[in-house]
Amino acid sequence: MGRAFEYRKARKMKRWGNMSRTFTRIGKEITIAAKSGGPDPTTNPRLRALMQNAKAANMPKDTVERAIKKATDKDASDYKEITYEGYGPHGIAIFVEAATDNNTRTVANVRSYFTRYGGNLGTQGSLTFLFDHKSVFKIKSKDGISLEDLELELIDYGVDEIEADEDEIILYGAFEEFANIQKYLEGNEFEIVSAEFERIPHELKEVTAEQRVALDKLLEKLEEDEDVQNVFHNMKEEEE
């Protein structure tokens, strides 16, 4: 298995544990997508992909519909997507993605978490060189499909890595190629289970058990913040 797959699998096990947190995160993404590209999934590819993510997470249909409706509600919060970058204790790089209606509140909270747990918030763009920003699609496998043939076919659409995961296939491609990959998959009638953006570290750093405890406290605090959508880092996960 590749580096991206192993990192993502370990991260998913933690991240999808809190169902209500997952629903909140996907709901915000749906509202933002519906606001920018319209509430009709047939003409809004990003919204269509997010609705698949909601389905994969077993998110109730009425919750999805409320998130779409919120995009056209004049009194609803106007979310902005913002990233924060910094270092936790022991030199671990941490990338935070947020969706907030109050950047002043969010940056103050994020900075306080870093400071409280022995890290420091850096400037925007300071960690970009440590992570690959990827489009990640999970699709259902089809009879007669060869991974090698599929990979060759998808290279022209921006896919650079493919992994088999039981009866599903995970595709990794450039961030800016998301729309091209989605168009190919839909046009060739692949069932898209989920479609997301991930920041995958170039290298993972080893930490001791004691250092991990301190880092986990910071990561958990960031994950718990209602404005935070995703937290990525380059700490190597604990081996089972």
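The values are calculated or read from the model by the stated rules, or taken from the named source; none is laboratory data. Computed from a prediction, not measured in an experiment: that's the story for all the values here. Quick reminder, even Gly has a Cβ in these numbers, built from the backbone with ideal geometry, and neighbours come from all protein chains shown.
For the range 128-153, the set of residues classified as modelled with pLDDT under 95 and aliphatic (A, V, I, L, M) consists of Ile145, Leu147, Leu150, Leu152, listed by residue number. A search for C-beta distances below 8 Å between a residue of the range 193-213 that is touching a residue at least 40 places away in the same chain (Cβ under 8 Å) and any residue that is part of a loop (DSSP other than H, G, I, E, B) and surrounded by fewer than 17 Cβ atoms within 10 Å (Cβ to Cβ), counting only pairs 6+ apart in sequence or on different chains, returns Leu204/Glu237. Give Ala164, Ala174 a once-over and let me know the one that is over 25 Å from Glu85 (Cβ atoms) and of a type in the set (A, V, I, L, M, F, W, C). Criteria check complete, one pass: Ala164.
Taking the range 61-76, which residues are in contact (Cβ under 8 Å) with a residue 12 or more places away in the chain and out of contact with any helix residue (DSSP H, G or I) (no Cβ under 8 Å at 6 or more places or on another chain)? Quick ask: steps written out before the conclusion?
Filtering the range 61-76 down to residues in contact (Cβ under 8 Å) with a residue 12 or more places away in the chain leaves 63-64, 66-72, 76.
Result: Lys69, single match.
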